[in-house]
Structure formats: C-alpha cells, structure tokens
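Since the structure comes first, as structure tokens, the remarks are kept for the end.
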There are 2 protein chains.
Amino acid sequence: MVKVSEARLRLLGTATRVFYTEGIHSVGIDRIVAEAQVTRATLYRHFTGKEELVVAYLESVAQLERDQLDHAITSAASPADSIRAVARSITTAITSDGFRGCAFLNAAAEYPDPDHPVHQAVLAHRNWFATTIATLFSDLGDANPQPPARHFVMLRDGAMTAGCLTNPEEVCNTFVRGVEGLLNYRTATTAKPA
Amino acid sequence: MVKVSEARLRLLGTATRVFYTEGIHSVGIDRIVAEAQVTRATLYRHFTGKEELVVAYLESVAQLERDQLDHAITSAASPADSIRAVARSITTAITSDGFRGCAFLNAAAEYPDPDHPVHQAVLAHRNWFATTIATLFSDLGDANPQPPARHFVMLRDGAMTAGCLTNPEEVCNTFVRGVEGLLNYRTATTAKPA
DNA sequence: TTTCAAAGAGACCGAACGTTCTACCTCTCG
DNA sequence: CGAGAGGTAGAACGTTCGGTCTCTTTGAAA
C-alpha cells in the first residue's frame, strides 16, 4: 500500500477548486497554501513550483473526466446511446453548481504559448477526447467518423464555454438538439440502421 | 474636430495587441507602457487603472466586430447569404495570422466574477451578437429564431475556441458544414422558400 | 506672449508575487 | 535506538505588481 501524502492531497484539492473557480494567474500560492492549511515548504517539497501544481491540477481533472466518460460509454446500450450518454454527462456538468466552463479551455486562455507545459496538457487532453468521440462515431458504423466527431466536439466546446455566460438550461437544450440533429443527419445519410 | 490623443491611441493599440496575444493577467502595465513608448503618468491620465484599460481594449474589439458584421450583413444579397457572410467573417478570423481565439471568451476565462466590469463587457458584447444573429434568422422567415440562433452561436463559440488549439482549416470546415446543415435543416422544416 | 493642458522622465510606494531558507517537530521503518 | 523522510513554522529573498508622486518639456490656442 502506497501511502499518499495527506498534505499533498489537500494541496491538490484546494488548487483544483481555487484554480477552477477563480482562474490561475489570479490566485497566488499564498492563497492555496493558506486554504490547504499547509506551509510553503510543504508545497515546494511536493511540487517544483506553481507551474507543476497547475499541470497536476489539470491532469487530475483530466483523470476525472476520463473516468466519467469511460463509465458513461461502457454503461450505454448502443453506440448511439454512448454518444447520448457523453452528451448527458456534459449537460450534467454545465447545470451543476459552481460550473465555470471547461477547465482546459480556461487554462488555454491563460496560457496561449503552445510550448508551455500547461498549454500542452490542455492539448493532450483534447486529443484524447477527440479520438474518443471519433471512436464512438466509428462504432456507430461511420466509415469516416472524423467529420461528425469534430462537429460533436465543436458543439461541446461551445456549450461548455457559453454554459457559464448565459442560461445553462438554454445552452443544454441547444446542445442536445444539436447532438440529436447530428445523430439523425448521420443515420439519414450514411444509412446504416441502428 | 476633436483631437484624439496620440499617446492614447498608442496605448490602446499596444494594449489590444498584447492583451489579445498573451492574456491579460500575464502582462503588467510596465510592458504596455514600454511598448507604447509612453510613461506611466500618461497611462493614468487617460485611464483610471489597468481595469479600465482592459475594458477599453474589449470595447475597441467589440466596435471592430460590430463594424465587420454590419458590413458583411448589409452587403449580402439574401438573409441566408447574410448568415453565410457572418460565417465567412468568422472563418476569416480563425485562419488569420496571430489568431488566438475570441478575445471575449478569453477575457471571461480570466475574469470569472460575473459582477466584474470586464466580465460584464463580455456579456454585453455577447448579448449584442446573440440578438444580431437572432434577427438574421428572423429575417430568414423563422417565427421562432432563437433556437437556430443559439445553435449558430454555439457553433461559433466552439469554432473560435478550438481554432487556436487545433488545425484552423479543419475547424473552419466543420464550422461551415454545421452552418450549412443548420440552414438546410431550417428550410426543410420551417419551409419558407428563400 | 502668456497660458495651460498634454506628455515625458523617473523616483517612489506598499503589497503581492514565486521561491528559498533555517530550525524544529514527529512519525515510521530498519 | 537511531536515522531519515515528511511535516510545521516563519523569516527572508529579489522581483514585479498596480499606482502615485514631482518636476520638466512641449506645443498650440488665447
């Protein structure tokens, strides 16, 4: 049994919460250290610096999303239902309390430099998501799953971004309509019975 | 003739460029003052502080977008072409050099507090955009223009956000396909000949 | 010519930033 | 028992932050 440091967990937990709700550049490590009830020295024993803490924050969120998506997909009855389950997990996120948009898109807005580790972490997670969605459309019988997958991701990005700027329910409605339209259009053209 | 301060123009110009390409919290006023070849005192003579400069930056971009959109709309032959023209202005932006996403979405990511003036400036511009698009779909003959308008905005947000994270051409392709699909679906159901 | 606002030059402020340091405590494992 | 890792506590580092200050120079209108 690997003993996971208690202080490290508190550190990463508060970092996740504070970075997500308030932004990254806006909050200093003093805030995180104080709210995690940890001293500065402890932070720098577990992380080389703020940058590494930010990357760890994003990777913890990425792990969470991967778990959620895996669960949603594997517990779906059909390929089409898998996509609907993914859509539902997105609408659930958007309508949940304290929703502040996509952690990765927000991070990318703060770290525009493509070479920066934080930006790279964002790109890595987005690549995983894109290929995962493409696999779903491939399972749906589409020979060329990229176009509908990109369409789905575009709707998802728009919904996640606008979800904390306008009425979340309306955004969710528009999103699920779009996804249903995408599924209908696909079956109407590529025509392989579900 | 109202003499517009030369220094103020330089200030706002460099602020626009630097804030857009590097983010807002990341750059201090020293950078802006230095690149604008202006002293600190001059900055604080024209703006009460950094916050006001940020708002001025966003409003200058908003003015630019309004002009572009007005021109695109008025020079279109039909209501449907107006929407296509708007879509084209978006793809043009995405594929242009130095594209870093939507200035407003990026700003919102850095200012999550809904009461903050910067956040409010973002919301104001987004409201204008939403109503403008809704008017276009209304002109297209749709009795209930909100759903397709929201769909359009969602695609736009997704495209603008992803346009600087993945291949811009692919994003544009997906976006115009989505818009065309939206127009087709609309005419196929609401059924008023163009 | 006088006047006055705009701008330049640059020192200065307190605060916050991310980071490093020493010193001491307290477990657990060998 | 003793060593060492992980934790606490807190001072301190130099830098940058946003913002204010005084003083001088410029230039055009009154």
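See the values below:
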{"quantity": "Among A:H71, A:H25, A:H151, residue whose mean-square fluctuation peaks in a GNM of chain A (springs only between Cα atoms under 10 Å)", "calculated": "A:H25"}
{"quantity": "Cα shape, the range A:1-81, gyration tensor, a/c 1.5 rule", "calculated": "prolate"}
{"quantity": "Positive-end extreme of charge dipole, the range A:50-191 - chosen from A:N144, A:V86, A:F99 (charges on Cβ)", "calculated": "A:N144"}
{"quantity": "Zero-based 5 Å bins, Cα pair distances in chain B, whole percents", "calculated": "1, 7, 15, 17, 17, 14, 11, 8, 5, 3, 1, 0, 0"}
{"quantity": "Position A:A77, label points 7 Å along Cα→Cβ, spacing to each other copy in nm (shortest first, one decimal)", "calculated": "4.9"}
{"quantity": "With Cα atoms, 0 to 90° folded angle of helix A:50-74 axis to chain A main axis", "calculated": "30 degrees"}
{"quantity": "Projected area averaged over orientations for the range A:1-47, convex hull of C-alpha atoms, nm²", "calculated": "3.3 nm²"}
{"quantity": "Teacher prompt: B:T135 distances to equivalent labels in other copies, 7 Å Cα→Cβ, nm", "calculated": "4.7"}
{"quantity": "Test item: Cα-centred dipole of chain B, Lys/Arg +1 and Asp/Glu -1 on Cβ, debye", "calculated": "220 debye"}
{"quantity": "Within the protein assembly as shown: Cβ-based charge dipole about Cα centre, in debye rounded to nearest 20 (Lys, Arg +1; Asp, Glu -1)", "calculated": "20 debye"}
{"quantity": "Overall form of the range A:113-165 per C-alpha gyration tensor (a/c, 1.5; a/b vs b/c)", "calculated": "oblate"}
{"quantity": "Teacher prompt: A:Q120 distances to equivalent labels in other copies, 7 Å Cα→Cβ, nm", "calculated": "4.2"}
{"quantity": "Rounded to 10°, Cα long-axis angle of helix A:168-189 versus longest principal axis of chain A", "calculated": "40 degrees"}
{"quantity": "Positive-end residue, the range A:1-47 charge dipole about Cα centroid, Cβ charges, pick of A:F19, A:A34, A:A7", "calculated": "A:A7"}
{"quantity": "Cα convex hull of the protein assembly as shown - mean projected area over all directions, nm²", "calculated": "22.9 nm²"}
{"quantity": "Ranked list, fewest to most other Cβ atoms within 10 Å of each Cβ, for B:L123, A:L140", "calculated": "B:L123, A:L140"}
{"quantity": "Farthest toward positive dipole pole in chain A [+1 Lys/Arg, -1 Asp/Glu at C-beta], among A:F129, A:C164, A:H116", "calculated": "A:F129"}
{"quantity": "Projected label distance in nm at B:S75 and A:N167, using a 7 Å step from Cα toward the beta-carbon", "calculated": "3.6 nm"}
{"quantity": "Gaussian network model of chain B, springs between alpha carbon atoms under 10 Å - residue of B:R100, B:R84, B:R31 with greatest fluctuation", "calculated": "B:R31"}
{"quantity": "Given charges at beta-carbon only (K, R positive; D, E negative), |dipole| of the range B:47-91 in Debye", "calculated": "200 debye"}
{"quantity": "Choice from A:A15, A:A87, A:A109 showing the highest fluctuation, given a GNM over chain A with Cα pairs closer than 10 Å", "calculated": "A:A109"}
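Each reported figure results from applying straightforward, stated rules to the coordinates on display, with no laboratory input. In this text, all values refer to a predicted model and were calculated from it rather than measured experimentally. When we count neighbours, we look across all protein chains shown, and the Cβ atoms used for this are built from the backbone with ideal geometry, even at glycine.
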